[in-house]
Structures are given as C-alpha cells and as structure tokens.
Number of protein chains: 2
Amino acid sequence: MNKKQPLPWDNPRFHNWIAVARACQVMGLSLARALQPLDIKPPHLDILVNLFRTPGISQQDLADKLLVGRSNLSMLLPQLEKRGLLVRRSDPQDRRVLRLELTPSGTDLTLEAIAIQTDLIDRTMKTASTEECNLVGEVMTRIIHELTRPDGAIEARTEEAERKKA
Amino acid sequence: MNKKQPLPWDNPRFHNWIAVARACQVMGLSLARALQPLDIKPPHLDILVNLFRTPGISQQDLADKLLVGRSNLSMLLPQLEKRGLLVRRSDPQDRRVLRLELTPSGTDLTLEAIAIQTDLIDRTMKTASTEECNLVGEVMTRIIHELTRPDGAIEARTEEAERKKA
DNA sequence: TGCTTTTTGTTCATGGTTGTACAATTCTGT
DNA sequence: ACAGAATTGTACAACCATGAACAAAAAGCA
C-alpha cells in the first residue's frame, strides 16, 4: 500500500517552507503583543490598513481582499464603528452596500499601529539585507500567484461558490 | 503630535514581510482544503507530525513546541485518541504527565497527510530553486531566533508566566 | 517528615471565525 | 414591466483557541 513515501525532512522546499510558517506564527504572536497598548488585534489592523489605503471600499470587497468571510466583518466593523474609528455610509447608488471610511481618530490610530508594526518588522529583520528581503518577497509573490490562480487550491468549497460556477 | 511617520509601503523589509504573511495565509487555506479528505485540519497535522518525530512527548512539551496553550491540547488530543490515531499512556515515573504516541493507523494517516502537504508545497514552490529556498529559510530562521530570544516579543504576558520570573 | 511551591493536565467561560439561512436590493432576460 | 437570479449585509449556531481557576502529583526545603 505504501507507494514510496520518502520523508520530506531533507526536501529543501518542504523544510524551508516550514521555517516560513513558523516565522509567520511567531511574528503574529509578537504583533498581537505589540498592539495590545492600542487595544486592537492583528485582524483589526488588517481592516484599518485596508481602509486607509482604499477608502470607500465595501464590506464584500474588503472581505475578498482579506480572505475572510463577510460575516466576520459584519461582526467586527460595527464594533470598530462604535469605537469611533470608522464610519459605514450607505451608498446612494447601490443601497445594498455600505462604504467604509476611517474617521480622523481612526486614521490616527492606524498610523500609530503601522508605526508599531513597522518597528517590529524592522527590528526583527535587521540582519537581512535589502537584496535578501527582495528575493524573499519575490519567492512569496510567486507562491501567492500560484495558489490564487482561478483553479487554485484556495477557494473555499461553499455552496455559494459552487452556485457561482453554474 | 505626529513625530515623523513616513508610510512604510516602500520599506523593503515591511512590504516584503507583508508578502510573507499573505503567502502563509493562502498556503494555510490551501492546506486546510487539501487535508479535507483525511478529515483533519492543519492544527491536527502539526500535532501528528510532532508525535511522529518525537514519540513519548508530554502534552506540556508539545504545547511549547507548537506555541499553543496546553488547554488547547487537552481538548484536541482526547478527540484524536477517540479516533484511534494516538494513545496517551500515563508515565510511571511521573504520574502527572501523559506520554503521547501514535498508533499504527495514526502513523499511516500522518504519512498520508505529510505526502499531501509535501505535494502541495512542491507544486507551489516549483519555480523557486534550491538556493532560493535555502536563502528564504535562512532569513526566516534568523527572524525566528530574533523573536524567540528570552527577552523577545513572543512570550504571552499571562499570570503563570509572570510568576515564573520571580 | 511536614509544609510550601511548582508542574501537569482538565474544565470552563470568553471571544473569534466560519458557513448557512435570511431580508433587502439590484440585475437579467424576455 | 416583471419574474427569477444574483449580490450585499446581517443573524445565528457550530467550532476553535485562549487564559484563569482548579485538583493531583512531584519537588524543594525547613
């Protein structure tokens, strides 16, 4: 039954990717800790940064960008709105969508959070040269493109997505 | 108030790290999908692989390796044990600890899952040469070491951890 | 030995994420 | 114009992960 299964510990792609995954995990934990003083978590930061760079985006488009379910944003956004960090304005052109925008205080908080994140990344990668960083980013970009191709291994097999194909 | 906050979009360390984070996210989603036929999820795979490579490990040591809370394993392990994938044998030397070990069928499933993961990684990184992979792993390893230093930004600030310092 | 402290695993309340079901709105094709 | 399909956001139940509180066992120390 075992159709030749050599263990992959010596496979360069395999074990180096494992290092990538672990680095992401520890970076995520460190970021969560570094953001505690601002009382936000990494998912909130993702939202805020996207709103900063793309004001007026809809909840659905934001969910697509972040690769999370839109129900997730339906829970998170009202909570950030109550904190006065953003506003959800109904679009007169299409009354289904809510256009998202940072408030001034939301923009301030976002800039603070970005500074914290940038500082963490800079300190963490201080031993990597610009050329090394660019090569890493190059490899990662190819991975992302490979996995997000239309036939890629990424789309969730939900009923809604199945119907969309038909 | 704004003490010079240039936006980091052009900072090589910053934007290349963002690519790393996104690659990890899409790879995690893809792995979850690829593992569906085996009815396990990435966290289960992490557990199984560690048990495969370190038989007889205790729950606490496993939690430390995986960087998750031990209460998490207290929920997950009995469920994997009920599926017959592993056994938890009480240590006669120290009757507090439970020694974890894969069953034969657990080993089989682990090998299948590793094959699936290896295949996914190989396909995804096929455009990256061995040298590129090794450089990526090198950079990631330095990041991990930087973040897991004793004074690093990783340890959770829990009451238990605070007491340990005193 | 006795007493305190530490360690291990479990239980439980809390909060986060997901997918599904649903109402409101817009689009499509005839 | 109008009925059916598609899209947007919400509500909800299920599942996962976490930290705190706890009981049992071991270790440290007088």
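For the reader, a short list of remarks on this structure follows.
- Any chance residue B:58 is among the hydroxyl-bearing types (Ser, Thr, Tyr) and facing another protein chain (nearest Cβ under 7 Å): no
- Test: residue A:22 is touching a helix residue (DSSP H, G or I) at 6+ places or on another chain (Cβ under 8 Å) and at the interface with chain B (Cβ under 9 Å from one of its Cβ atoms): yes
- Test for residue A:68: is it open to solvent by less than 40 Å² (accessible area, probe 1.4 Å), within 14 Å of chain B (Cβ to nearest Cβ) and over 20 Å from residue A:108 (Cα atoms): no
- Being in a helix (DSSP H, G or I) and without any contact (Cβ under 8 Å) to a residue 40 or more places away in the chain is a condition met by at least one residue of segment B:90-104.
Residue by residue, here is whether (1) touching a residue at least 12 places away in the same chain (Cβ under 8 Å); (2) in a loop (DSSP other than H, G, I, E, B) holds:
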site: B:43; (1), (2): yes, no
site: B:47; (1), (2): yes, no
site: B:61; (1), (2): no, no
site: B:68; (1), (2): yes, yes
site: B:74; (1), (2): yes, no
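- Qualifying residue in segment A:94-104 (condition: open to solvent by less than 40 Å² (accessible area, probe 1.4 Å), within 30 Å of residue B:149 (Cα to Cα), at pLDDT 95 or above and near DNA strand C (Cβ under 9 Å from one of its atoms)): no
- In segment A:25-55, the residues that are away from every other protein chain (no Cβ under 14 Å) and either within 11 Å of DNA strand D (Cβ to nearest atom) or crowded, with 19+ Cβ neighbours inside 10 Å (or both): A:40, A:44, A:47, A:51
- Cross-chain or 6+ apart pairs with Cβ under 7 Å, segment A:129-151 first and more than 17 Å from residue B:143 (Cβ to Cβ) and facing chain B (nearest Cβ under 7 Å), then open to solvent by 60 Å² or more (accessible area, probe 1.4 Å) and not in a helix (DSSP H, G or I): A:142/B:127
The values are calculated or read from the model by the stated rules, or taken from the named source; none is laboratory data. Model, not experiment: these values are computed from the prediction. Backbone-built Cβ (ideal geometry, glycine too); neighbour counts: all protein chains shown. These area figures cover heavy atoms from the full protein model, side chains too; ligands, DNA and RNA do not enter into them. Shrake-Rupley method; radii C 1.70, N 1.55, O 1.52, S 1.80 Å.
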